[in-house]
Amino acid sequence: MGANVEAYRVLRESAVRAALAEGGFRVVQVHRQFVLPINFHKLFNSLVVTLAIERALAAVGCLALFGSPVTFVATRREPR
């Protein structure tokens, strides 16, 4: 897809949730941004095309299953 790709690390959602819980946090929201890799969208260089493709994939449930990057919103649990 291209040589100019940034390195990243993939973590399981369960591992992130466990680390947050261990630190005293509770996940209150999960946001997934894209189904297809960013380099795929760069091929078209069109926001309209990107939005159309991603909305269609989200409508059939692909975003919930395969979406990335994933952003977690977590709140600190009350001390016991």
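The values are calculated or read from the model by the stated rules, or taken from the named source; none is laboratory data. Treat the numbers as computed from the prediction; the structure is a model and nothing was measured. Positions of Cβ are generated from backbone atoms using ideal geometry, with glycine treated the same way; all protein chains shown enter the neighbour counts. The area values use the complete protein model at the heavy-atom level, side chains included, leaving out ligands, DNA and RNA. Shrake-Rupley method; radii C 1.70, N 1.55, O 1.52, S 1.80 Å.
Structure notes:
- In the set [x] 18, 56, 23, 3; [y] 16, 37, 30, 14, 3, 0; [z] 16, 44, 24, 12, 4, 0, the label that goes with P(r) over Cα pairs in 10 Å bins from 0, in percent computed for this structure is [y].
- Mean separation of Cα pairs under 8 Å and 6 or more residues apart, divided by the residue count, gives the chain a relative contact order of 43 percent.
- Degrees between helix 47-59 axis and first principal axis of the chain (Cα, 0 to 90, nearest 10): 50
- Calculated [θ] (222 nm, deg cm²/dmol) that DSSP helices of n ≥ 4 give over the chain, each run adding -39,500 (n - 2.57): -12000 deg cm²/dmol
- Stretch gain in nm, segment Phe66-Asn45, where the contour uses 0.36 nm per residue and the Cα spacing is subtracted: 5.4 nm
- Counting only protein heavy atoms and using a 1.4 Å probe, the accessible area of Leu11 comes to about 120 Å².
- Between Val10 and Thr75, the modelled labels are 3.3 nm apart [label points 7 Å from Cα along Cα→Cβ].
- Surface per residue (accessible, 1.4 Å probe) for the chain, Å²: 83
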